[in-house]
Amino acid sequence: MDSDDSKQTKVVRYSGSTHKQSIQWDDKGNKLFTSGFAYYRYFRLNSWMYIYLNENRNLDICVADYFDGAVVVVSAAGKLRFRYTGPPSTPQESFRPVGIATDSQGNILTSDDNNNIHIIDQDGCFLRYIPKCDLKGPRCLCVDSRDNLFVTERHTGKVKKLQYYK
(Lines give C-alpha, C1' and ligand atoms only; values in the text may rest on other atoms or scores of the structure.)
Protein backbone atom coordinates (compact mmCIF):
# COMPACT_ATOMS: atom_id res chain seq x y z
CA MET A 1 0.00 0.00 0.00
CA ASP A 2 1.28 3.47 -0.87
CA SER A 3 0.55 6.47 1.36
CA ASP A 4 -1.76 9.22 0.10
CA ASP A 5 1.26 11.30 -0.90
CA SER A 6 2.84 8.22 -2.57
CA LYS A 7 6.10 8.71 -0.67
CA GLN A 8 5.85 5.66 1.57
CA THR A 9 5.10 2.01 0.93
CA LYS A 10 4.01 -0.52 3.53
CA VAL A 11 2.40 -3.91 3.79
CA VAL A 12 -0.87 -3.89 5.69
CA ARG A 13 -2.49 -7.05 7.05
CA TYR A 14 -6.26 -7.19 7.51
CA SER A 15 -8.63 -9.79 8.89
CA GLY A 16 -11.84 -9.07 7.06
CA SER A 17 -12.16 -5.30 7.34
CA THR A 18 -10.18 -5.08 10.60
CA HIS A 19 -6.66 -3.65 10.39
CA LYS A 20 -4.27 -6.05 12.16
CA GLN A 21 -0.74 -4.92 11.27
CA SER A 22 1.33 -2.43 9.26
CA ILE A 23 4.87 -3.30 8.19
CA GLN A 24 7.06 -0.50 6.90
CA TRP A 25 10.33 -0.16 8.85
CA ASP A 26 13.10 -2.47 10.04
CA ASP A 27 14.46 -2.44 13.61
CA LYS A 28 16.87 0.38 12.70
CA GLY A 29 14.17 2.64 11.26
CA ASN A 30 15.08 1.98 7.62
CA LYS A 31 12.41 1.53 4.95
CA LEU A 32 11.74 -2.11 4.15
CA PHE A 33 10.21 -1.38 0.72
CA THR A 34 10.84 1.25 -1.93
CA SER A 35 8.23 3.83 -2.70
CA GLY A 36 7.15 3.41 -6.29
CA PHE A 37 6.00 6.97 -6.85
CA ALA A 38 9.47 8.47 -7.33
CA TYR A 39 10.29 5.77 -9.86
CA TYR A 40 6.95 6.23 -11.58
CA ARG A 41 7.73 9.89 -12.16
CA TYR A 42 11.28 9.16 -13.32
CA PHE A 43 10.57 6.18 -15.55
CA ARG A 44 6.95 6.99 -16.44
CA LEU A 45 5.89 3.53 -15.28
CA ASN A 46 2.97 2.24 -13.28
CA SER A 47 4.53 1.67 -9.87
CA TRP A 48 1.99 -1.00 -8.95
CA MET A 49 3.60 -3.28 -11.47
CA TYR A 50 6.85 -3.43 -9.55
CA ILE A 51 5.93 -4.60 -6.06
CA TYR A 52 4.64 -8.16 -5.71
CA LEU A 53 3.88 -10.09 -2.54
CA ASN A 54 3.00 -13.51 -1.27
CA GLU A 55 2.65 -15.21 2.09
CA ASN A 56 4.42 -18.52 2.72
CA ARG A 57 3.31 -21.43 4.86
CA ASN A 58 5.08 -19.91 7.91
CA LEU A 59 3.03 -16.71 7.46
CA ASP A 60 6.16 -14.81 6.40
CA ILE A 61 5.38 -12.01 3.99
CA CYS A 62 7.55 -12.26 0.89
CA VAL A 63 7.84 -9.12 -1.24
CA ALA A 64 9.50 -8.89 -4.65
CA ASP A 65 10.62 -5.26 -4.84
CA TYR A 66 11.71 -4.50 -8.40
CA PHE A 67 13.32 -1.12 -7.82
CA ASP A 68 15.11 -2.22 -4.67
CA GLY A 69 16.44 -5.26 -6.54
CA ALA A 70 15.51 -7.56 -3.67
CA VAL A 71 13.11 -10.09 -2.29
CA VAL A 72 12.30 -8.81 1.18
CA VAL A 73 10.95 -11.35 3.69
CA VAL A 74 9.44 -10.33 7.01
CA SER A 75 8.08 -12.60 9.73
CA ALA A 76 4.43 -12.76 10.73
CA ALA A 77 5.44 -10.39 13.57
CA GLY A 78 6.68 -7.86 11.00
CA LYS A 79 10.42 -8.32 11.68
CA LEU A 80 12.87 -8.42 8.78
CA ARG A 81 14.05 -12.01 8.27
CA PHE A 82 16.25 -11.48 5.20
CA ARG A 83 16.80 -9.70 1.90
CA TYR A 84 17.68 -11.80 -1.15
CA THR A 85 19.48 -9.80 -3.85
CA GLY A 86 20.35 -12.64 -6.23
CA PRO A 87 22.64 -15.63 -6.09
CA PRO A 88 26.18 -14.99 -4.85
CA SER A 89 27.70 -16.46 -8.01
CA THR A 90 26.44 -13.61 -10.23
CA PRO A 91 27.21 -10.32 -8.42
CA GLN A 92 27.77 -8.41 -11.68
CA GLU A 93 24.30 -9.23 -13.03
CA SER A 94 21.51 -6.95 -11.83
CA PHE A 95 18.63 -8.61 -10.01
CA ARG A 96 15.17 -7.15 -10.56
CA PRO A 97 12.43 -9.46 -9.25
CA VAL A 98 9.17 -9.21 -11.18
CA GLY A 99 7.05 -11.98 -9.70
CA ILE A 100 6.86 -14.13 -6.58
CA ALA A 101 5.19 -17.30 -5.32
CA THR A 102 5.75 -19.82 -2.54
CA ASP A 103 5.35 -23.59 -2.60
CA SER A 104 4.30 -26.32 -0.16
CA GLN A 105 7.89 -26.73 1.05
CA GLY A 106 8.12 -23.07 2.05
CA ASN A 107 10.45 -22.25 -0.85
CA ILE A 108 10.18 -18.87 -2.51
CA LEU A 109 10.13 -18.67 -6.30
CA THR A 110 10.81 -15.38 -8.02
CA SER A 111 11.23 -14.37 -11.64
CA ASP A 112 13.63 -11.64 -12.70
CA ASP A 113 14.23 -9.26 -15.59
CA ASN A 114 16.95 -11.59 -16.94
CA ASN A 115 14.38 -14.32 -17.75
CA ASN A 116 15.41 -16.47 -14.77
CA ILE A 117 13.26 -18.10 -12.15
CA HIS A 118 15.08 -18.43 -8.83
CA ILE A 119 14.20 -20.91 -6.11
CA ILE A 120 15.32 -19.84 -2.65
CA ASP A 121 14.57 -21.60 0.60
CA GLN A 122 12.52 -20.11 3.43
CA ASP A 123 15.73 -18.77 5.02
CA GLY A 124 16.91 -16.90 1.92
CA CYS A 125 19.49 -19.37 0.57
CA PHE A 126 19.64 -19.71 -3.20
CA LEU A 127 18.84 -23.29 -4.17
CA ARG A 128 18.80 -23.23 -7.97
CA TYR A 129 17.36 -21.74 -11.13
CA ILE A 130 14.48 -23.35 -12.95
CA PRO A 131 15.71 -23.95 -16.50
CA LYS A 132 14.40 -21.28 -18.87
CA CYS A 133 11.96 -23.72 -20.52
CA ASP A 134 11.70 -21.34 -23.48
CA LEU A 135 10.01 -18.64 -21.39
CA LYS A 136 9.76 -15.19 -22.94
CA GLY A 137 9.77 -12.62 -20.16
CA PRO A 138 8.47 -14.59 -17.16
CA ARG A 139 6.44 -12.35 -14.88
CA CYS A 140 3.66 -13.32 -12.51
CA LEU A 141 4.03 -16.66 -10.77
CA CYS A 142 1.54 -18.93 -9.04
CA VAL A 143 2.04 -22.35 -7.43
CA ASP A 144 -0.93 -24.70 -7.01
CA SER A 145 -1.51 -27.33 -4.31
CA ARG A 146 0.45 -29.91 -6.35
CA ASP A 147 3.46 -27.60 -6.67
CA ASN A 148 2.84 -26.94 -10.35
CA LEU A 149 4.21 -23.55 -11.27
CA PHE A 150 2.17 -21.27 -13.53
CA VAL A 151 4.12 -18.48 -15.21
CA THR A 152 2.80 -15.62 -17.30
CA GLU A 153 4.92 -14.41 -20.19
CA ARG A 154 5.25 -10.68 -20.61
CA HIS A 155 5.97 -10.75 -24.32
CA THR A 156 3.35 -13.29 -25.44
CA GLY A 157 0.59 -13.01 -22.82
CA LYS A 158 0.64 -16.79 -22.45
CA VAL A 159 0.43 -18.74 -19.21
CA LYS A 160 2.70 -21.77 -19.01
CA LYS A 161 2.55 -24.64 -16.52
CA LEU A 162 5.87 -26.01 -15.26
CA GLN A 163 6.62 -28.96 -13.02
CA TYR A 164 9.87 -28.01 -11.36
CA TYR A 165 10.30 -30.80 -8.79
CA LYS A 166 11.85 -34.06 -9.94
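The values are calculated or read from the model by the stated rules, or taken from the named source; none is laboratory data. Quantities reported herein were computed from a predicted structural model and do not represent experimental measurements. Because the Cβ atoms are built from the backbone with ideal geometry, glycine has one as well, and the counts that use them run over all protein chains shown. All accessible areas refer to the heavy atoms of the entire protein, side chains included, with ligands and DNA or RNA removed. Shrake-Rupley method; radii C 1.70, N 1.55, O 1.52, S 1.80 Å.
Results, tabulated for the structure shown:
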quantity	calculated
Other-chain or far-sequence residues with amide H under 5 Å of I117's (modelled H)	I130
D144 - accessible surface, heavy atoms, 1.4 Å probe, Å² rounded to 10	50 Å²
Cleavage-rule hits, trypsin sites (Lys or Arg not before Pro), region 50-90, DSSP coil, Cβ neighbours within 10 Å at most 15	R57, K79
Positive-end residue of Y66, N107, L80, charge dipole of region 58-109 with Cβ unit charges	L80
From phi via Karplus (6.51, -1.76, 1.60), per-residue ³J(HN,Hα) for region 116-130 in Hz, x at Gly/Pro	9, 10, 8, 10, 10, 7, 5, 10, x, 8, 5, 9, 5, 8, 8
Percent carbon-and-sulfur accessible area, region 101-166, ignoring ligands, DNA and RNA, probe 1.4 Å	49 percent
Rounded to the nearest 20 debye, dipole of region 57-166 from Cβ charges on Lys, Arg, Asp, Glu	260 debye
Order by protection proxy (mean Cβ within 10 Å, highest first), peptides 113-119, 123-129	113-119, 123-129
Prolate/oblate/rounded call for region 115-166, Cα gyration tensor, a/c under 1.5 rounded	prolate
Using θ = phi - 60° and Karplus 6.51 cos²θ - 1.76 cosθ + 1.60, couplings along region 155-164 (whole Hz; Gly, Pro as x)	7, 10, x, 7, 10, 10, 9, 10, 9, 9
